[in-house]
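Worksheet for the structure shown next.
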Amino acid sequence: MQIIKSVTEMQNISQKLNGKIGFVPTMGFLHEGHLSLVKEAHKKCDFVIVSIFVNPSQFLPNEDLDSYPRNFEQDVKLLSDIDFIFFPQNEDIYPNDYKTWITVEKISAEFCGKSRPTHFKGVATIVCKLLNIVNADFLFLGEKDFQQLVVLKQMTKDLNFKTEVIGCPIVREKSGLALSSRNKYLSEIERKNALSLFEALQLAKINFKNGIVDSQKNISQMQRLIEEKGGVVDYIEIIDSQNLEKISKLKERCRVLIAVFIDKTRLIDNIEI
Ligand code: AMP
């Protein structure tokens with residue numbers, strides 16, 4: 001495994017690789033969720049590249065860019081079986097004269113885009129740049145960030161990338177809590193309260209089985225469950241998985257998306273019905 005810090009060097013290397021390149025973009029502080037993407041990449045590809053870059057442009061000014069958890073040494077240990085870690089510096093990615101931004105319209109404005117208005121512009125831009133740098137044949141993304149997955153599928157299609165986007169299932173703790181680097185912010189009590197996200201998602205699944213399909217009814221019940229455990233709901237939405245459109249009744253293979261504040265920590269999760 002080689003650690004590459006320079007954009008030019010990474011680009012030169014990736015253009016000469018002879019075989020399928022699998023790419024996993026991350027912000028580091030890796031956990032089993034990230035590693036499940038790496039595992040999928042190994043199955044499908046000859047070379048695996050993981051980027052570690054806490055992308056400033058996807059954070060809003062009041063968000064946790066500075067405090068975002070980082071542990072590069074530990075990440076390197078966890079990635080010993082890949083080919084390249086791309087660990088660029090901010091100035092190399094966004095030099096002073098940087099001017100180009102990617103906006104995926106409409107679907108970026110909903111859900112997380114409402115409470116984080118410039119977030120997906122930052123995400124789409126960095127992933128677009130990284131795909132050009134690492135020359136990826138396959139891009140591995142977690143369904144944990146379901147809206148991000150749909151936004152990036154749209155971007156690669158619209159901009160004619162050769163890259164195929166592969167969505168990978170959410171990895172959870174035994175308790176049901178979805179793994180996330182931001183779980184580090186949670187105190188012991190908050191961690192218990194955060195289980196309400198998964199419980200609420202399960203409730204929708206059980207309701208569907210029992211024929212309770214009205215979206216609004218489900219949303220209200222989920223909201224009550226979360227609030228009883230001290231969470232503050234940012235949004236709960238029931239959507240068509242393909243186009244992210246809100247639907248009035250739960251149906252087979254639709255998604256329930258939620259974002260909840262557990263004290264100051266904003267967590268997202270989702271489930272397929
Ligand atoms: P991040 O480092 O949070 O930007 O995440 C990098 C990638 O890992 C994204 O594609 C995420 O969707 C994915 N990911 C994060 N957490 C999980 C999880 N619990 N299960 C599966 N994929 C995940």
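The values are calculated or read from the model by the stated rules, or taken from the named source; none is laboratory data. These numbers were taken from a predicted model, which means no experiment stands behind them. No Cβ is skipped: glycine too gets one built from the backbone with ideal geometry, and neighbour counts run over all protein chains shown. Accessible surface is based on the protein model in full, side chains and every heavy atom, while ligands, DNA and RNA are left aside. Shrake-Rupley method; radii C 1.70, N 1.55, O 1.52, S 1.80 Å.
Computed values, structure above
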{"quantity": "Three principal axis lengths of the stretch 66-126 [C-alpha, angstrom, descending]", "calculated": "39, 30, 25"}
{"quantity": "Radius of gyration and Dmax over the Cα atoms of the stretch 39-91, both given in Å", "calculated": "13.6, 41"}
{"quantity": "The chain - share of DSSP beta bridges that are antiparallel (%, nearest 5)", "calculated": "50 percent"}
{"quantity": "Theoretical ellipticity at 222 nm over the chain - DSSP helices of four or more residues, -39500 (n - 2.57) apiece, nearest 500", "calculated": "-11000 deg cm²/dmol"}
{"quantity": "Volume of the Cα convex hull of the stretch 181-272, divided per residue and given in Å³", "calculated": "86 Å³"}
{"quantity": "GNM result for the chain, Cα springs below 10 Å: residue of G33, G22, G230 fluctuating most strongly", "calculated": "G230"}
{"quantity": "The chain - accessible surface per residue (Å², probe 1.4 Å)", "calculated": "50 Å²"}
{"quantity": "Rounded to the nearest 10 Å², the accessible area of L78 at probe 1.4 Å", "calculated": "60 Å²"}
{"quantity": "Kirkwood hydrodynamic radius (C-alpha pairs) into Stokes-Einstein, the chain, 20 °C and 1.002 mPa s, D in µm²/s", "calculated": "110 µm²/s"}
{"quantity": "Simple label model, 7 Å out from Cα along Cβ direction - Q216 to T103, nm", "calculated": "3.2 nm"}
